[in-house]
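Encoded as structure tokens, the structure appears first; notes follow it.
The values are calculated or read from the model by the stated rules, or taken from the named source; none is laboratory data. Small disclaimer: the values here were computed from a predicted structure and weren't measured. Heads up, the Cβs are rebuilt from the backbone with ideal geometry, glycines too, and the neighbour counts pull from every protein chain shown.
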Amino acid sequence: MTDSNTLLTARNLSMIYPNGDGGLYALAGVSFDVSRQEFLCVVGPSGCGKTTLLRILAGLLVPTSGEVNFEGQLLLNPRRRIGFVFQQANLMPWRTVEENIGLPLELENLPASEIKPRSRVLIDLVGLSGFEASYPRDLSGGMAQRVAIARALIHEPELLLLDEPFGFLDALTRERMETELMRIWAARTATVVMVTHSISEAILLADRVIVLSARPAQVCLDLSITLPRPRNLAMTHTRSFGELASQIREAIQQN
């Protein structure tokens, strides 16, 4: 029986992509739970199946075997209460910041009188006030990802999935975006599952870090991050932070 505080469960997820040569095994029996309002990061070697896992959790892929339950129900397709932010912002270049953010509500045929105020709240939340009428060509990479995050939050999702959202940003912008994401998460208290290649980013952001082995991916470490909140970049230089990083790095190297 699932605990009432559990939002999502993944049970024995396996994924095989047909390739004419017996299939490409991406996942092999991946299982874990995600609690409500938890921030979970998933790390692992490049190409181990992290994005595949996230797409299954979003209902965008059906696993070869195993199942995902979201809010106590079997997940077989995308849900309105699950938001997804891809590696690239994928904004529509002919739409302004405000229009990009409000697009999901527009597709539901909601009136502009409802879309506009909800979009403005998100614009303020992600720190883009004053850029409502700007087009994607006028935005930095970090600003574009803020728009993508706001667009994913416009539905007020219970679960937000992030697929390496800062991977294409330079180091300084990435640090700023990590800080912004912590602020946004604290303000919204949504449940987050985020894929990242950065061990330090995972420790800084997460309540828990799951480490996947090399393909076919299995969970080789499920580590609670006990660092106090609120967190800041100065924590990355502490001994406790370094010890956590060593545990994660060792798990990756051994698998």
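Quick rundown of the values:
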{"quantity": "Criterion (on the phi < 0 side of the Ramachandran plot and touching a His at 6+ places or on another chain (Cβ under 8 Å)) met by exactly one of ARG95, ARG55, ARG80", "calculated": "ARG80"}
{"quantity": "Subset of region 122-181 [within 18 Å of the chain's Cα centre (by Cα), small (Gly, Ala, Ser) and under 21 Å from LEU107 (Cα atoms)]", "calculated": "ALA144, ALA148, ALA150, ALA152"}
{"quantity": "Sole residue being small (Gly, Ala, Ser), out of contact with any Leu (no Cβ under 9 Å at 6 or more places or on another chain), more than 26 Å from ARG79 (Cα to Cα) and touching a residue at least 12 places away in the same chain (Cβ under 8 Å), chosen from ALA214, ALA171", "calculated": "ALA214"}
{"quantity": "Qualifying residues in region 63-88 (those that are surrounded by 16 or more Cβ atoms within 10 Å (Cβ to Cβ) and hydrophobic (A, V, I, L, M, F, W, C)) - the one nearest to LEU13 (Cα to Cα)", "calculated": "VAL68"}
{"quantity": "Residue match in region 182-196 (condition: of a type in the set (Gly, Ala, Ser), within 19 Å of ASN232 (Cα to Cα) and without any contact (Cβ under 8 Å) to a residue 24 or more places away in the chain)", "calculated": "no"}
{"quantity": "Flag if SER113 is over 27 Å from ALA217 (Cα atoms), without any contact (Cβ under 8 Å) to a residue 24 or more places away in the chain and either part of a loop (DSSP other than H, G, I, E, B) or not small (Gly, Ala, Ser) (or both)", "calculated": "no"}
{"quantity": "Residue within region 138-154 that is among the basic types (Lys, Arg) and over 30 Å from ILE199 (Cβ atoms) present", "calculated": "no"}
{"quantity": "Qualifying residue in region 94-108 (condition: of a type in the set (Ser, Thr, Tyr) and either touching a residue at least 40 places away in the same chain (Cβ under 8 Å) or exposed (fewer than 15 other Cβ atoms within 10 Å of the Cβ) (or both))", "calculated": "no"}
{"quantity": "Index of the failed condition, PHE131 passing every other in (1) crowded, with 19+ Cβ neighbours inside 10 Å; (2) under 26 Å from THR179 (Cβ atoms)", "calculated": "(1)"}
{"quantity": "Number of the exception - GLY47 against (1) free of Cβ contacts under 8 Å to residues at least 24 places away in the same chain; (2) surrounded by fewer than 14 Cβ atoms within 10 Å (Cβ to Cβ)", "calculated": "(1)"}
{"quantity": "Restricting region 155-189 to residues that are under 18 Å from ARG80 (Cβ atoms), surrounded by fewer than 21 Cβ atoms within 10 Å (Cβ to Cβ) and of a type outside the set (Asp, Glu), the residue that is modelled with the highest pLDDT", "calculated": "PRO157"}
{"quantity": "Wholly enclosed strands (runs of 3 or more DSSP E) of region 121-230 bearing at least 1 residues farther than 20 Å from VAL97 by Cα and basic (Lys, Arg)", "calculated": "208-212"}
{"quantity": "Positions within region 224-250 being modelled with pLDDT under 95 and of a type in the set (Gly, Ala, Ser), in sequence order", "calculated": "ALA234"}
{"quantity": "Any chance SER246 is touching a strand residue (DSSP E or B) at 6+ places or on another chain (Cβ under 9 Å), small (Gly, Ala, Ser) and surrounded by fewer than 21 Cβ atoms within 10 Å (Cβ to Cβ)", "calculated": "no"}
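For every residue, the table says whether it meets (1) within 17 Å of the chain's Cα centre (by Cα); (2) on the phi < 0 side of the Ramachandran plot; (3) assigned to a loop (DSSP other than H, G, I, E, B); (4) among the small types (Gly, Ala, Ser).
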| site | (1), (2), (3), (4) |
| --- | --- |
| LEU13 | no, yes, no, no |
| ILE16 | no, yes, no, no |
| GLY22 | no, no, yes, yes |
| VAL42 | yes, yes, no, no |
| LEU60 | yes, yes, yes, no |
| LEU103 | no, yes, no, no |
